Amino acid sequence: MIEALAAWGPGVFLRTSVWLYPLVSALHILGIGMMVCCVLLMDAAVLGLWGRRAGQQAVIAALRPVAVAALVVAALSGLLLFSVRPGEYLANPAFRLKLALLGLALANALFFIVFSGKALADGWRRGLAGLSALLWLGVLFCGRLIGFLD
Amino acid sequence: MRLKFLPLAILLAVSLPIAPAYAHHGWSWTETGFFRLEGIIKSIYVGNPHVTMDVDVEGTTWRVELAPLAPTNAAGFTEASAAIGDEVTAIGNRSADHGESRMKAVRIIVNGRTYDVYPDRAKAIEGV
């Protein structure tokens with residue numbers, strides 16, 4: 001599967017393209033920046049650090065679609081960047097940790113979305129929001145570390 | 001209220017310096033003096049984000065990192081410049097951690113041609 005991805009057309013093109021690679025890299029940063037910003041603001045709202053308690057739902061309603069769209073941009077551009085040298089990235093400890101944290105962050109977000117109605121006590125909501133902030137910042141930091149570790 | 005951000009700020013501040021000294025990016029992970037490596041190319045990657053070679057030196061495989069793709073190409077080095085099995089000389093800076101067989105090349109000599117992938121740094125090479 002790794003060989004197939006390494007031979008994938010867009011990845012091959014990106015590998016030797018002097019301009020497209022930085023462009024996709026910039027898209028990846030844009031997606032991450034928008035997503036993590038929205039996530040931190042939503043987390044802060046749930047934690048009661050930002051806005052009024054009553055405004056929590058409004059903050060989430062406004063920012064969640066933006067975060068999801070930005071996540072799609074980050075994921076697609078990330079897949080493209082990964083396909084340039086899949087074997088190298090899979091062997092990179094920072095990349096592996098990033099994927100693990102990404103899985104946890106997504107699971108945490110899904111759990112919150114599914115159970116955040118009336119089913120979750122306020123303490124739980126705050127706990128999940130705090131965990132969310134830590135996990136996504138961890139994903140961001142490990143992503144930045146990829147180029148510094150091998 | 002503001003104090004609630006403190007744990008987050010502390011976490012960020014503490015985690016930043018964890019970035020290890022060895023790295024692809026920049027030169028902070030390398031030794032200052034030039035280092036010369038001669039061996040046989042085991043594998044070669046000419047592409048983004050960095051051009052790299054794995055070079056066999058008497059049974060030890062060294063990872064030789066060149067410049068990013070654009071400056072490497074600008075130095076004249078392309079996919080056609082070297083192949084697996086070619087003898088190569090790399091002059092550049094060795095990892096400060098001698099436990100890892102890794103260097104960042106400033107100059108590559110292969111198939112009778114010299115490529116200065118970091119031209120400004122290559123000016124300082126004299127009889128290395």
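Of the accessible area of the protein assembly as shown, with the probe set at 1.4 angstrom, what percent is carbon plus sulfur?
Taking all protein chains in place, the protein assembly as shown shows 68 percent carbon and sulfur surface.
Averaged per residue, what accessible area in Å² does the range B:28-122 show with a 1.4 Å probe, protein chains only?
43
Just give the residues from the range A:113-150 buried by at least 20 square angstrom of accessible area in the all-chains context relative to the isolated chain, probe 1.4 Å, and say none if nothing qualifies.
Checking the loss per residue gives A:134, A:137, A:141, A:145, A:147, A:148, A:149, A:150.
Name the helices (complete DSSP H segments) of chain A with a Cα length along the long axis of 27 Å or more and a Kyte-Doolittle mean of at least -0.5, or state none.
Length and hydropathy pass: A:20-47, A:56-84, A:93-115, A:122-145.
Only protein chains counted, 1.4 angstrom probe. Which residues of the range B:65-98 are at least 20 Å² less accessible in the assembly than when their chain is isolated?
Those are B:69, B:70, which lose 20 Å² or more relative to the chain on its own.
Using alpha carbon centroids, what distance separates the range A:64-136 and the range B:96-128, in Å?
When both Cα centres are located, 40 Å separates them.
Taking both sides together, what accessible area is buried at the A/B interface, probe 1.4 Å, expressed in Å² and rounded to the nearest 100?
2000
For chain A, what D do you get in µm² per second when you plug the Kirkwood radius from alpha-carbon pairs into Stokes-Einstein at 25 °C and 0.890 mPa s?
148
Please find the FRET efficiency linking residue A:114 to residue A:29, where r is the Cβ-Cβ separation and R0 is fixed at 30 Å, and quote it to the nearest 0.05.
Between residue A:114 and residue A:29 the formula returns 0.50.
For the range A:64-142, which trypsin sites (Lys or Arg not before Pro) are both in a DSSP coil and crowded by at most 10 other Cβ atoms within 10 Å?
Taking the range A:64-142 and a limit of 10 other Cβ atoms within 10 Å, the loop trypsin sites (Lys or Arg not before Pro) found are A:118.
Give me the residues in the range A:1-32 whose solvent-accessible area, probe 1.4 Å, is reduced by at least 50 Å² once all protein chains are included instead of the chain isolated.
With the partner chains in place, the range A:1-32 has these residues losing at least 50 Å²: A:15, A:18.
Express the relative contact order of chain A as a whole percentage, based on alpha carbon pairs under 8 Å and six or more residues apart in sequence.
31
Which value, in Å², gives the accessible area per residue of the range A:2-148 when a 1.4 Å probe is used on the protein heavy atoms?
52
Determine the distance separating the Cα centre of the range A:1-37 from the Cα centre of the range B:60-88; give it in Å without decimals.
The distance from the Cα centre of the range A:1-37 to that of the range B:60-88 comes to 22 Å.
The values are calculated or read from the model by the stated rules, or taken from the named source; none is laboratory data. The shown structure was predicted, so the numbers you read here are calculated from the model rather than taken from an experiment. Glycine also receives a Cβ, built like all others from the backbone with ideal geometry; neighbour counts cover every protein chain displayed. SASA here: full protein model, heavy atoms, side chains in, ligands and nucleic acids out. Shrake-Rupley method; radii C 1.70, N 1.55, O 1.52, S 1.80 Å.
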